[in-house]
Amino acid sequence: MLKMISKPAVKMVERYLPDPYIFVLLLTLIAAIAAIAIERQTPLAVLRFWGDGFWGLLTFSMQMLLVLVTGFMLASSPPVKRLLQRLASTAKTPGGAIILVTLVSLTASWINWGFGLVVGALFAKELARLVRVDYRLLVASAYSGFVVWHGGLAGSIPLTIATEGHFAADDIGVISTGSTVFAFFNLAIVACLFISIPLVNRLMLPDEKDSVYIDTKLLDDEPEAKSRITRPAEKLENSTTLAWLVGIPGLLFLIDHFLLRGGSLNLNIVNFLFLFLAIVLHRTPRNLLTSLQEAIKGGAGIVIQFPFYAGIMAIMVESGLAQSMSEWLVSFATETSLPFWSFISAGIVNLFVPSGGGQWAVQAPVMLPAAEALGADISRVAMAVAWGDAWTNLLQPFWALPVLAIAGLKAKDIMGFCLIQLFITGAIISVGLVWF
């Protein structure tokens with residue numbers, strides 16, 4: 001049945017979903033028009049919101065570019081390639097490959113979202129080398145695991161409200177992860193998704209006549225011809241000693257960070273880990289630079305599109321549009337239904353403000369007073385916003401850019417499958433937030 005439903009969905013999305021750059025341009029216009037029409041902002045005011053906020057995600061943009069580049073370099077190192085090959089070799093059938101890549105992506109994303117995005121995409125490419133399977137669904141399966149990230153160890157909202165001195169601490173205090181990430185209702189949702197998402201992906205596997213395969217030659221890395229080393233500079237470029245003199249201290253820093261100082265896993269640490277493991281495992285600076293030249297090719301979408309999303313976020317926040325949308329959706333909520341409407345509102349806002357931390361800053365001033373007034377569970381409402389933020393990433397190509405860059409696909413190739421997951425995961429999460 002899902003195979004029959006997914007087929008027209010895939011065709012519809014392939015036909016009508018534009019390139020992510022066109023998507024962000026359309027979202028910019030929609031946000032601007034809505035701010036003028038609904039919030040009664042002047043065109044000049046909206047123009048200023050947009051321009052002033054346009055570069056607000058520069059740090060994050062660089063982090064995302066490094067997620068792509070450092071992850072690619074690490075995965076292209078000989079030891080990691082061999083590890084991925086061994087794991088991929090356990091999949092003997094197309095269905096097995098789909099289930100395996102989904103489970104790997106779910107697990108990695110629950111640990112850390114940046115880690116999950118890169119590992120899922122790279123593992124999908126490795127599976128495609130060994131198993132003849134629809135490449136679109138394989139990559140979509142890798143991306144679908146990303147939906148659990150905000151209910152996992154690196155969820156920005158639960159970690160924010162568990163931190164002393166967070167911006168809403170005076171109103172709700174500090175809420176430990178035992179009441180959010182490790183609460184029964186959240187773990188139950190995660191468990192259900194770990195079962196349903198791989199199963200749904202497997203059931204969407206197209207028949208062979210409808211499948212799209214990739215030429216495995218396009219996935220193979222061309223080995224660089226080795227030349228005789230004659231210049232002193234070339235000796236440095238091919239020096240394992242030089243690479244390890246820098247790479248090993250980087251790994252020692254990570255040991256100090258985690259074991260001696262009790263540091264946490266965040267995006268900067270993930271990138272640091274990927275980079276210095278790549279330096280050590282590639283053995284020479286020349287090997288690393290060769291891998292870097294290949295990795296950087298896929299970063300164009302991140303560089304050009306993230307500033308536009310920063311501008312959209314600024315319009316939504318500064319104009320009051322995001323707050324108005326949230327207020328309207330919770331205006332008819334009850335104590336029982338507030339988590340559901342918080343989830344739905346967060347999912348809608350996420351299409352325009354695709355940032356967990358930024359979205360919480362926008363929605364918390366609306367959701368928290370509503371929860372207090374209705375006597376609703378604040379930790380459950382906070383996680384509802386977190387899940388809403390993660391949920392519509394299945395439709396929003398913002399987070400798919402690193403995956404698509406690594407896999408060599410376009411958003412329209414995978415979003416039809418993700419659309420089916422959007423409806424099914426939305427139903428599961430909704431039930432979990434209200435009834436678990």
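The values are calculated or read from the model by the stated rules, or taken from the named source; none is laboratory data. Remember, it's a predicted structure, so these values are computed and weren't measured experimentally. Quick reminder, even Gly has a Cβ in these numbers, built from the backbone with ideal geometry, and neighbours come from all protein chains shown. Accessible surface areas use protein heavy atoms only, side chains included; no ligands, DNA or RNA. Shrake-Rupley method; radii C 1.70, N 1.55, O 1.52, S 1.80 Å.
Remarks
- Note on the range 230-317: enclosed helices (runs of 4 or more DSSP H) holding 2 or more residues that are closer than 22 Å to L83 by Cβ, free of Cβ contacts under 8 Å to residues at least 60 places away in the same chain and of a type outside the set (A, V, I, L, M) are 240-255, 267-282.
- Any chance R202 is open to solvent by 60 Å² or more (accessible area, probe 1.4 Å), at pLDDT 90 or above and either farther than 23 Å from L74 by Cα or in a loop (DSSP other than H, G, I, E, B) (or both): yes
- Members of the range 133-161 found to be modelled with pLDDT under 85 and open to solvent by 20 Å² or more (accessible area, probe 1.4 Å), listed by number: L153, S156, L159, T160
Residues are listed down the side, and each one gets a yes or a no for (1) open to solvent by less than 10 Å² (accessible area, probe 1.4 Å); (2) closer than 19 Å to I197 by Cβ:
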| position | (1), (2) |
| --- | --- |
| R380 | no, no |
| M383 | yes, yes |
| A386 | yes, yes |
| A390 | yes, yes |
| L401 | no, no |
| G408 | no, no |
| I414 | yes, yes |
| F417 | yes, yes |
| I420 | no, yes |
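- Selected residue (criterion: nearest to the chain's Cα centre (by Cα)) from residues of the range 189-220 that are farther than 15 Å from I414 by Cα and hydroxyl-bearing (S, T, Y): S196
- Cross-chain or 6+ apart pairs with Cβ under 8 Å, the range 7-31 first and polar (S, T, N, Q), then open to solvent by less than 70 Å² (accessible area, probe 1.4 Å): T28/F308; T28/G311; T28/I312; T28/I315
- Residue satisfying all of: in the range 37-79; among the hydroxyl-bearing types (S, T, Y) and modelled with pLDDT of 85 or more; farthest from G301 (Cα to Cα) among these: T42
- The range 38-57: number of residues that are surrounded by fewer than 17 Cβ atoms within 10 Å (Cβ to Cβ) and in a helix (DSSP H, G or I): 8
- Which listed residue is modelled with pLDDT of 90 or more, among the aliphatic types (A, V, I, L, M) and surrounded by fewer than 22 Cβ atoms within 10 Å (Cβ to Cβ), from A88, A124: A88
- A count restricted to the range 166-197 and to residues that are open to solvent by 40 Å² or more (accessible area, probe 1.4 Å), farther than 20 Å from A390 by Cβ and aliphatic (A, V, I, L, M) stands at 1.
- Looking only at the range 1-37, residues that are outside any helix (DSSP H, G or I) and of a type in the set (A, V, I, L, M) come to 2 in all.
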